[in-house]
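Participant: Quick one: structure below, then a few questions.
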Amino acid sequence: MKLTNKVIEEVISEVAGEEVIPLVKALKNKKNVSEFTLASNIKQEINTTRNMLYRLYDSNLVSFIRRKDKKKGWYIYYWTFNMKRVKYLIYDIKKKRLEKLKERLEREQSSHFYTCEQKCMRLDFDQATNFNFKCPECGDLMDQEDNSDTIKEIEKEIKQLEADLKK
């Protein structure tokens, strides 16, 4: 799989949040960039920048070295973006998504769901009986939902993810 900017941004959004993308753009293809330089480049407070860097570090997307400032005696961290890790994260994200979809498929196939006409809420059989098959939001009578289209969509997405993971 080719690592395009769009793919990298999707992975970053998934593991660290969308607000981290400008930081990654500032850090990409550079080595040992000071956290103060990064904060200045993305126009964020140093504490906010550090928080973003730690989120990336938790996913092993960045590494750092620490050097002591000779004048002040403080440690300054220099960060490097780990592009190779993105490929592995893509695989991990798809694998986790596949597991969640399989769980959801099982839940959809094994349960009956009920909704009112306005689709305020979607309740399973036990929840619906607790409310006497009346919507807790609007009070209308709840009918059994036909979830066959939902099941087909989940199965389709599972097949696509399984095919992607085999590549």
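The values are calculated or read from the model by the stated rules, or taken from the named source; none is laboratory data. This structure is a prediction, so every number in the text was calculated from the model and none was measured. Cβ: placed from backbone, ideal geometry, glycine included. Neighbour counts: every protein chain shown.
Participant: ILE151: touching a helix residue (DSSP H, G or I) at 6+ places or on another chain (Cβ under 7 Å), exposed (fewer than 15 other Cβ atoms within 10 Å of the Cβ) and of a type outside the set (D, E, K, R), yes or no?
Facilitator: Numbers: touching a helix residue (DSSP H, G or I) at 6+ places or on another chain (Cβ under 7 Å): yes; exposed (fewer than 15 other Cβ atoms within 10 Å of the Cβ): yes; of a type outside the set (D, E, K, R): yes.
Yes: the conditions hold for ILE151.
Participant: Right, here's the next one. Are there strands (runs of 3 or more DSSP E) fully within segment 52-121 with at least 3 residues that are of a type outside the set (Ser, Thr, Tyr) and touching a residue at least 12 places away in the same chain (Cβ under 8 Å)? List them.
Facilitator: Values: elements: 62-68, 75-81, 113-115.
Here the list reads 62-68, 75-81.
Participant: Six or more apart or on different chains, Cβ under 6 Å: which pairs go from a residue in segment 145-167 that's in the same structural domain as LEU123 (by TED's automatic domain parsing) and in contact (Cβ under 8 Å) with a residue 60 or more places away in the chain to one that's assigned to a helix (DSSP H, G or I) and of a type in the set (Asp, Glu)? Could you list them?
Facilitator: none
Participant: Evaluate the following for ILE93: is it surrounded by 13 or more Cβ atoms within 10 Å (Cβ to Cβ), in contact with a helix residue (DSSP H, G or I) (Cβ under 9 Å, 6 or more places away or on another chain) and among the aliphatic types (A, V, I, L, M)? It would help to see each step written out before you state the result.
Facilitator: Numbers: surrounded by 13 or more Cβ atoms within 10 Å (Cβ to Cβ): yes; in contact with a helix residue (DSSP H, G or I) (Cβ under 9 Å, 6 or more places away or on another chain): yes; among the aliphatic types (A, V, I, L, M): yes.
Spelling it out, ILE93 is indeed surrounded by 13 or more Cβ atoms within 10 Å (Cβ to Cβ), in contact with a helix residue (DSSP H, G or I) (Cβ under 9 Å, 6 or more places away or on another chain) and among the aliphatic types (A, V, I, L, M).
Participant: Looking at this structure, is LYS87 assigned by TED's automatic domain parsing to the domain that holds GLU10 and among the basic types (Lys, Arg)?
Facilitator: Numbers: assigned by TED's automatic domain parsing to the domain that holds GLU10: no; among the basic types (Lys, Arg): yes.
So LYS87 does not fit the description; no.
Participant: Restricting to segment 37-49, name every residue that is surrounded by 15 or more Cβ atoms within 10 Å (Cβ to Cβ) and in contact with a helix residue (DSSP H, G or I) (Cβ under 6 Å, 6 or more places away or on another chain).
Facilitator: LEU38, ALA39, ASN41, ILE42, THR49, listed by residue number.
Participant: For segment 54-62, check the following and say yes or no: at least one residue is touching a helix residue (DSSP H, G or I) at 6+ places or on another chain (Cβ under 8 Å), modelled with pLDDT of 90 or more, of a type in the set (Val, Ile, Thr) and in the same structural domain as VAL20 (by TED's automatic domain parsing).
Facilitator: yes
Participant: Also, quick follow-up: Are any residues in segment 122-148 assigned to a strand (DSSP E or B), aliphatic (A, V, I, L, M) and either surrounded by 15 or more Cβ atoms within 10 Å (Cβ to Cβ) or in contact with a helix residue (DSSP H, G or I) (Cβ under 9 Å, 6 or more places away or on another chain) (or both), and if so, which ones? I'd like the intermediate steps shown before the answer.
Facilitator: Let us first name the residues in segment 122-148 that are assigned to a strand (DSSP E or B), namely 122-124, 134, 141, 143-144.
Pick out the ones that are also aliphatic (A, V, I, L, M) and you get 123, 141.
Matches in segment 122-148: LEU123 only.
Participant: Then there's this: Taking THR80 and the conditions (1) over 18 Å from the mean Cα position of the chain (by Cα); (2) under 30 Å from PRO22 (Cβ atoms); (3) surrounded by fewer than 14 Cβ atoms within 10 Å (Cβ to Cβ), which numbered condition does it fall short on, given that it satisfies the others?
Facilitator: Condition (3) is where THR80 drops out.
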